[in-house]
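For reference, the structure discussed in these notes is given below.
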Amino acid sequence: MRNDLRAFDHPALEISRAGRTAIYIHPTHASPARRALLDQTVKELRGQLDLTVVDAPTEDEVADRWATTAKILRDFARAKGADTITVSADFTPRGLARDKVVAQTLAADGITLTAIGTAYAVPPGTLLTGKGENYKVFTPFYNAWSACGADAPSSRPQDCSAWRHWESFRTERLEGYKDNRDIPAIDGTSRISAYLAIGALHPRSLLASLADTPDAVASAEDRTAFARELAFREFYADFVYHRPETTREDVNPRFAAFRWNTPGDDLEVWKQGMTGFPIVDAGMRQLKETGWMHNRVRMLVASFLTKDLHLPWQVGAQHFKNLLVDYDPAINQHSWQWCAGTGTDASPYFRIFNPMTQGKKFDPDATYIKRWVPELSHTPAADIHALRNLPAAYPRPMVDHAEERTVALARYEEVKG
């Protein structure tokens, strides 16, 4: 088992000749929040499966880690008297490369690595335009994705923390999701992303559950809004499948010549949530403390890093990778590119979020800000959003937003072409 930690709707597990016998190689590089979720999920699975858990290899070189992984799997197969190991297909660039190496190593010992299934409702690489190319804009992809549909779940959900979490959201908060998801002060999002990232839930099961949800529980508009979010996850996975280099490089090649600043102390100030811009600091502190950040605020802190501090999106994406409980390489890297204006279907570079007006719009009472920035807990919301009369304990703004906006636009003009 890899990022498919569930005992239901799991084709690889269900067709395995070994029945419900599995091995999980526990990653040692996960963020603290991710590790806690993995530990909880693995503990539940041990009550449902004959599950062997070993720690992942710790060699410095990737090739060495993959070779050690193959040896662990070989020894497990031999102990079980098996000549085939079945896994869920991993479509990430790293996963594809790893599985190729592991399969070759196992084959030398007479063991076959078989990859089936997918972590997506529609496998990456399935949907193509009329020209036979991958989709580069979300809306046409979404239309094709919706028309394609997903297979029915291979088995019914079993009781587990992940499914209980989904059912609680579906029955209590899915109604109103379309609007509430943008308000960081309330519990308006699903928080399903972490379970999807580790495979504790499959989008196929969620889509089937959505289809069975009556209007009395949640409107069609809210159900569709949630399905679109699942489709965004699949859009980015599909794009990375076709262009794996975009987890590191700009989708838009013009930005290879963009003048980014060199990260210094300003990056650390941003990481610690001490920028002097309340909505940005609230988000960064939420991430640091919990391993999660509201999606609307993720956009604001990303815009601030790339367009106010002029730092490359890659350093922000790496910081998120280090801390996020719901880290997903395709979503994370391409969401950062969207905010930076360098990616597919991206927000235009000249669209620069104003952290003061955005805070006022999405957190008008400063409830979210005060929750994560206690220095401002007794400051009126109007003063917080205007950056006036703030207590001495709170840092002054590290930059002048209006000035940095001008700098960002000037640099954009240099590469606009």
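Could you tell me the center-to-center distance, by alpha carbons, between segment 265-344 and segment 7-65 in angstrom?
Going from one Cα centre to the other spans 29 Å.
Three principal axis extents, largest first, for the C-alpha atoms of segment 32-115, in Å?
Here the spans come out as 35, 30, 23 Å, largest first.
If I model a spin label at GLU403 and ASN295 as a point 7 Å from the Cα along the Cα→Cβ vector, what separation in nanometres do I get?
Modelled inter-label distance: 3.6 nm.
What list of ³J(HN,Hα) values in whole Hz, one per residue of segment 262-277 in order, does the Karplus curve 6.51 cos²θ - 1.76 cosθ + 1.60 (θ = phi - 60°) give from phi, with Gly and Pro shown as x?
7, x, x, 4, 4, 5, 5, 4, 4, 4, 7, x, 10, 6, x, 10
Based on the Cβ-Cβ distance from ILE116 to HIS242, what FRET efficiency comes out when R0 is 22 Å, to the nearest 0.05?
Rounded to the nearest 0.05, the efficiency is 0.55.
Over all pairs of distinct alpha carbons, what does the Kirkwood formula give as the hydrodynamic radius of segment 344-417, in Å?
For segment 344-417, the Kirkwood estimate is 14.2 Å.
Among GLY316, LEU73, VAL301, whose Cα lies farthest out toward the positive end of the dipole of the chain, if unit charges sit on the beta carbon of Lys, Arg (+1) and Asp, Glu (-1)?
LEU73
A 28 angstrom limit on the alpha carbon distance is what I want to check against. Which of LYS80/LYS100; LYS288/LYS361; LYS71/LYS288 exceed it?
Violating the 28 Å limit, Cα to Cα: LYS71/LYS288.
State the volume of the convex hull built on the alpha-carbon positions of the chain, expressed per residue in Å³ and rounded to an integer.
Value for the chain: 153 Å³ per residue.
Reachable lysines from LYS131, Cα under 28 Å, same-chain residues fewer than 8 places away excluded?
The reachable lysines, counting only those whose Cα sits under 28 Å from LYS131, are LYS416.
Taking the Cα centre of the chain as the origin and placing charges on Cβ (Lys, Arg +1; Asp, Glu -1), which of LEU128, THR139, VAL54 is farthest toward the positive end of the dipole?
LEU128
Kindly rank 93-99, 234-240 from highest to lowest mean number of other beta carbons found within 10 Å of each residue.
Descending packing order for the listed peptides: 234-240, 93-99.
Could you order peptides 390-399, 188-197, 272-281 by the average number of other Cβ atoms within 10 Å of their residues, highest first?
272-281, 188-197, 390-399
Please work out the FRET efficiency for the pair ASP151 and LYS288, using the Cβ-Cβ distance as r and a Förster radius of 60 Å; give the result to the nearest 0.05.
It comes out at approximately 0.95.
Just from the alpha-carbon atoms, what are the Rg and Dmax of segment 138-242 in angstroms?
Radius of gyration, then largest Cα-Cα span, for segment 138-242: 13.7, 41 Å.
Any idea how far apart SER161 and TRP260 come out in nm if each label point goes 7 Å out from Cα toward Cβ?
Here the answer is 3.5 nm between the modelled labels.
With a point put 7 Å past each Cα toward its Cβ, work out how far GLU14 is from THR129 in nm, to one decimal.
Distance between label points: 3.6 nm.
Take the Cα pairs of segment 161-314, get the Kirkwood Rh, then feed it into Stokes-Einstein at 25 °C and 0.890 mPa s and tell me D in µm²/s.
Value of D from the Cα-based Kirkwood radius: 138 µm²/s.
None of the figures in this text is laboratory data; all of them are computed from the coordinates on show. The shown structure was predicted, so the numbers you read here are calculated from the model rather than taken from an experiment. Using ideal geometry, Cβ is built from the backbone for each residue, glycine included, and neighbour counts are taken over all protein chains shown.
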